[in-house]
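To keep things clear, I will list the structure first and then write my remarks on it.
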Amino acid sequence: MDTQMFRVHCNKCYKRPDAESTVPFYLSRCHHIQCSSCLHETAPDKRCAVCELPFLGCLITQNMPTNVANYFENPRRFFNLYRDVCKFQADQRASDNRGFLLTLKKFEEMQRQHAAYLKMDTQFRDQLMLEKDRVDKINHYIAYYEQVTADLDRSIAEDSLFSFDDLEDRPITPPNDSSSDSTESENTQDTFDLDTEMKLAYKKSGRESPLEFSQKRIMRPRIPSIDHDDLNF
């Protein structure tokens with residue numbers, strides 16, 4: 001209680017501590033200051049000498065509790081303190097708002113990325129289905145010509161004629177690029193012939209392809225059998 005903002009006095013008899021230095025003064029819960037003389041007058045009833053409410057007070061000294069001593073301090077100190085407290089709390093609220101906005105922006109960005117990833121996943125799944133279909137067609141195509149080659153080899157080994165009628169329908173030539181559309185695939189089917197490619201490959205190697213060999217055997221005229229009885233003159 002370094003600087004008093006008012007003169008301390010008894011609210012009942014108006015005595016002051018500086019005039020009555022040996023008389024103690026009290027601050028009641030009802031915020032009335034009373035000297036011990038006035039307090040003793042109502043001591044049997046234990047009531048405030050000013051408002052007659054139940055008395056509960058604290059002795060006014062340099063060592064009184066802080067919550068009681070604050071009533072004797074300059075209010076400007078509390079004003080500055082409360083201003084600092086208000087500024088601190090306002091800064092904390094602003095910081096919390098900035099954090100919320102940053103979190104919201106990150107969440108929106110994650111939502112956009114999630115949508116993009118879902119779109120990419122759909123595209124990859126569609127592409128995977130196309131690739132699986134293309135691989136199935138290629139495997140079927142390879143199996144067909146493996147069967148043709150095996151039948152040709154067996155025909156040559158057995159010295160018998162090879163007939164294409166015994167084979168199943170020739171599969172459609174698969175496109176070279178899975179990204180090409182159906183029109184490009186049809187054009188590829190019209191211009192690409194595996195039989196011709198096989199003939200060119202065998203020709204470059206100086207060998208005769210099984211297809212050419214089979215065709216020659218098919219086109220070769222048969223020698224008619226001779227009846228020796230007809231040779232008798």
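Fewest Cβ neighbours within 10 Å first, please rank SER21, SER95, SER155, SER28 accordingly.
So the ranking, lowest neighbour count to highest, is SER21, SER95, SER155, SER28.
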query: Ranking PHE78, PHE25 by Cβ neighbours within 10 Å, fewest first, what do you get?
result: PHE78, PHE25
message: For LEU53, LEU39, which order do you get if you count the other beta carbons within 10 Å of each Cβ and list the fewest first?
response: LEU53, LEU39
statement: Under 29 Å between C-alpha atoms, the lysine pairs in segment 1-120 lying 8 or more places apart or on different chains count 6
message: Using a 7 Å offset from Cα along Cα-Cβ at VAL68, what residues in segment 20-51 end up with backbone N under 13 Å from the label point?
response: 24-36
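Computed from the coordinates by the stated procedures, all read-outs in this text should not be read as laboratory data. Computed from a predicted structure; not experimentally measured. Heads up, the Cβs are rebuilt from the backbone with ideal geometry, glycines too, and the neighbour counts pull from every protein chain shown.
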